[in-house]
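Just below is one structure, and these are the notes that go with it.
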Amino acid sequence: MIPIGALSGPSIDRVVCGDSLGRSLLATVAREPGTVAGRVPLLGRRGQLPPERRRAELARQAQAEAVPHHLAAAIDAEAVARWITAHYRAESYPAVLLGSPHGAAAHLAAALGAAWLPTSFTTTLTWPGGDAGDWPAALEWGAGLAERVIGRNPEVSVRQVHDPLRGGPPCGSTVRLHLRWHSMPKAYETFLRDRLAEDGATLLLRDLRTWPVHTLSSRHSFQLGSPVGGWDPDDYTIGNPAFRVLLDDLGVDDWPAPPEMPPRYAERSGEPAFGMDLNRLAVETGRTSHRVLYSQPEALSACVADLIRHATGGDKARCAVACGRLLDPWQARASGLVPYWCESASRAAVEAAEWWLAGSKPFEEVTALPEAPGHDSDQVATLALWRSLTAFGRQRGRLDRLTASRYPMLPLGTGHASRMLASAGGAGSAPPPISLPYALAQLHRVGTPLGLLVG
């Protein structure tokens, strides 16, 4: 277990949000599950309480885990970068993947024997007296915090995301900021110079989805909702019956109509300037740098799954369809599973997995591991849809009973994925690592028709 360092204020354990996808991916790729992999997400707790009492308890716990707002200026992005690179213990790596948080990137890193370094991280800060429905007040409160964060960290930009759909009750007691490096932190540069093999290469994976964004300054912006949950921007209005039900469940009485906002890259995209820094370093060190750009997360999931199946010669392969933070790329690899990752439990994401399975050669067995989103609506995939995925195998597939019993309201800790995947695999040993040139060639071959840009 890596000792948690301390900043001149909040601990890094607090600064890097424990419920963020990026933190879960880092823990699994670096094979350091620790307390992060075992923790139950906030929205998975206190399911036995009455709704109103549960809302208050989750809001209280969110505040207890968040960075106190008066310590915003003490957040040190460079210290976070050092903490990230300290997760990796090997002397050198044949490749280093960087970029947007995506489960297929974690599976690809495991297949390559590579390190994965996020180009952003998520932090939450306390919001005393907040209200999940009062997004203008959240914007105003977050603007003051972002100004302090930026003042300490000139190398980052801040994207605030206010999303009652995915945030739930904590959305009314905390604000969520995505800190995105627009220049490479020193710790990353040192890692790439010293621990990337002489003949190694870097691979930047970047999410190109857009979303309406309110720009407050060149380095601070605000986003209402997110594409991750499967909704469209227009769904975040009281004209949407499902959103009205969600607001009622959160005890929200009012939701001001949002203004028109121009589209910009969404929160998981990262800053384009980071790629320029990566190219500069590649020239200086004589190593190569590649990139994969995608505008549909399911396209990258399908391409990486096809790549891993092709590399292992899996005519009788077994498949595991994982979701959100419920993944373990090393266990999937050790179990000989072909991994497909759904970004969320939205109906669109799960239907994309269904289409991919329908167009693939039959698997021996398909295991489905849905992560409960913490809310319910007509845009959330039903358990029947998740079960339909398991019917694409020659043998009867399985849908984990524990996750099904808590679906869709109570997500589980990511450690549950490791146990499930260990029991889903067949006999044999983990395949040898894949080379990056082979991976890039396969991604280009299968990904180009799906809109993947590989270079």
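What the table shows:
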{"quantity": "Condition check for ARG398: of a type in the set (D, E, K, R) and free of Cβ contacts under 8 Å to residues at least 40 places away in the same chain", "calculated": "yes"}
{"quantity": "Among residues of the stretch 125-158, those that are out of contact with any Pro (no Cβ under 8 Å at 6 or more places or on another chain) and within 23 Å of LEU247 (Cβ to Cβ), counted", "calculated": "11"}
{"quantity": "Residue ID - surrounded by the fewest Cβ atoms within 10 Å (Cβ to Cβ), chosen from residues in the stretch 230-249 that are over 19 Å from SER344 (Cβ atoms) and touching a Pro at 6+ places or on another chain (Cβ under 8 Å)", "calculated": "THR237"}
{"quantity": "Helices (runs of 4 or more DSSP H) completely within the stretch 78-194 that count 1 or more residues being more than 19 Å from the chain's Cα centre (by Cα) and surrounded by fewer than 20 Cβ atoms within 10 Å (Cβ to Cβ)", "calculated": "135-152"}
{"quantity": "All positions within the stretch 400-446 that are charged (D, E, K, R) and part of a helix (DSSP H, G or I)", "calculated": "ARG401, ARG406, ARG419, ARG445"}
{"quantity": "Search result, residues across the stretch 150-197 that are free of Cβ contacts under 8 Å to residues at least 12 places away in the same chain and more than 26 Å from PRO68 (Cβ to Cβ)", "calculated": "ASP194"}
{"quantity": "Pairs with Cβ under 7 Å, 6+ apart, first in the stretch 1-29 and modelled with pLDDT of 90 or more, second of a type in the set (Lys, Arg) and open to solvent by less than 20 Å² (accessible area, probe 1.4 Å)", "calculated": "VAL16/ARG23; CYS17/ARG23"}
{"quantity": "Only one of LEU97, LEU145, LEU204, LEU179 that is among the aliphatic types (A, V, I, L, M), modelled with pLDDT of 95 or more and farther than 29 Å from ALA417 by Cβ", "calculated": "LEU145"}
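The values are calculated or read from the model by the stated rules, or taken from the named source; none is laboratory data. Please read these numbers as outputs of a predicted model, since none were measured by experiment. Note: ideal-geometry Cβ built from the backbone for every residue, glycine included; neighbour counts use all protein chains shown. Accessible surface areas use protein heavy atoms only, side chains included; no ligands, DNA or RNA. Shrake-Rupley method; radii C 1.70, N 1.55, O 1.52, S 1.80 Å.
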